[in-house]
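Below is one structure, written out as structure tokens; comments come after it.
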Amino acid sequence: MAFLDDGNSTVDSNGIADSLVQETNSTNEIDNIVENEEPNFANDALNVAELFIPRLALRRFMVPKKYNHIYTTSNLECLRLVNTDSEFKYENTSGGYLSILADGVANLPLYRVFNNVSKSFNYVLEKDSNNLTSQGWMNEGVMGYCSDTMQEGMISLNRYYHNGIFDNIIVHTEEERNRLDMDKKFGYNFVSFICYAYATDNQNNTEYDPKPRRIHAKGEGILTAETTTTTTPTTTTTKTTTTTKATPKPVVVPPAPKPKIVVPPKPAPLPHVAIHRTFNGKGHFYTTNAAEIKTVLATLKNHKYEGINGFVVMSPEGAANVPIYRLYLPSTDDHLYGYEGEKNALVKVGWHYEGILGYCSITPQPGMSAWHRLYNPSTKQHFMTNSQGEANTVRGNPKVYGYNYESVLCYVYNS
């Protein structure tokens, strides 16, 4: 693997998740350390729909004081990280669980890529993987399978990036997102939504223990008292003396207390501002500015009002803490709505930045709906909708409407 390489080694092209098949066959080494192994799915003739498909924990390691991270789903790689001279230390199972195979729900492969110049890792879907490998990144294979649509029992995986140390991390808990968004001393900025992963394992496995272990013989290691009994007979009574030798108990070192996170008191709820939508016969326009929508309808007669398309807040609030930026490309008369990373990249190639549309959530919340983004390559226009029915209709009829589905951009309020 690249983080243990000296710069001259090559990457295993079979992929990280695929290497689990090889790992489970290498039992001489692993059986002495790991108590539970993944099943072997090397038989391609099996019908995937009939298999019990296990899930792989997405585990996070970090180099202390350097704060570079790596994620892996491979038990063997975990053991190599903690049992070699690697600087990486185990943190937690911080990215949920990926399916070992496409299981009908989690059908998208999640790749790990490595940049040998910046010594950084990234975690991307196939389209971004192809793009990065064309720029010199090394594809280290498939970590597991995830979904691009929210399903029951799933969580949202989101990418944060530290520009100073070229480090990507995967965040899915609201606690960690709030900490990174509110306290800029960490240096991480939200980049984009990646995919949805399972929130739990489906094998009832215990949490990964990074410390080397060995299998004990039956009864070994169990602390019990050794008791001996002696009987001394007398002429009238029987005297019994019991001597107990207690095995000394090991010293139990309590775990270090977790740092207390001070959560500031919640301010009064912010008002929800409507997203207005118009259509000019070619493309759609969205705004949260009441004065702007009046001006557009009064001066641009070809624009027809199509109603409210969800609600946002105009400052970060709770889960609605992700800004959505509006950009405009004069050559195609197209407006695009996206994250900060997109905005920074597009303004360099001719797009005009028009400000923040509002703040929404990157994870589903009560009282919110997905805000879908689609693109028409013929008209070069982007289309947004918070209606699942409308998204399904447009997405399911590309020959009629001409739009290709891109993703759920974020989640907006229903009212």
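A few remarks follow.
- Surface calculation, 1.4 Å probe, protein heavy atoms: Phe193 sits at approximately 40 Å² accessible.
- Centre-to-centre separation between the Cα atoms of the stretch 162-202 and those of the stretch 296-368: 22 Å.
- Residues in the stretch 334-364 reached by a label modelled at Ile308 [backbone nitrogen below 20 Å; 7 Å Cα→Cβ]: 357-361
- Modelled FRET efficiency - R0 45 Å, Lys399 with Asn178, Cβ distances, 0.05 increments: 0.55
- Share of carbon and sulfur in the accessible heavy-atom surface of the stretch 100-201 [1.4 Å probe, %]: 51 percent
- FRET efficiency for Leu300 and Val117, using Cβ-Cβ distance with R0 set to 41 Å, rounded to 0.05: 0.30
- Remark: for residue pairs Lys66/Lys119; Lys66/Lys185; Lys119/Lys348, the C-alpha separation exceeds 18 Å in Lys119/Lys348.
- Surface accessible to a 1.4 Å probe, per residue, for the residues of the stretch 288-415, Å²: 47 Å²
- FRET efficiency estimate (nearest 0.05) - Cβ-Cβ, Lys380 to Glu292, R0 22 angstrom: 0.45
- Full extension of the chain segment joining Asn392 with Leu270 gains 40.8 nm, where the gain is 0.36 nm per residue of separation less the Cα-Cα distance.
- For Asp167, distant residues with modelled amide H under 5 Å away: His162
- Full extension of the chain between His352 and Arg80 yields a length gain of 93.1 nm, computed as 0.36 nm times the residue separation minus the alpha carbon distance.
- Distant-in-sequence amide H partners of Asn202 (H built 1.01 Å from N, under 5 Å): Arg55
- In this structure Val347 has an accessible area near 60 Å², from a 1.4 Å probe over the protein heavy atoms.
- Taking the protein heavy atoms of the stretch 274-345 in the context of the full set of protein chains, the accessible area attributed to carbon and sulfur is 58 percent at 1.4 Å.
- Pairwise Cα inverse-distance average, inverted: Kirkwood Rh of the stretch 262-415 (Å): 16.2 Å
The values are calculated or read from the model by the stated rules, or taken from the named source; none is laboratory data. Please read these numbers as outputs of a predicted model, since none were measured by experiment. Positions of Cβ are generated from backbone atoms using ideal geometry, with glycine treated the same way; all protein chains shown enter the neighbour counts. Just so you know, the surface numbers come from the protein's heavy atoms only, side chains and all, with ligands and any DNA or RNA stripped out. Shrake-Rupley method; radii C 1.70, N 1.55, O 1.52, S 1.80 Å.
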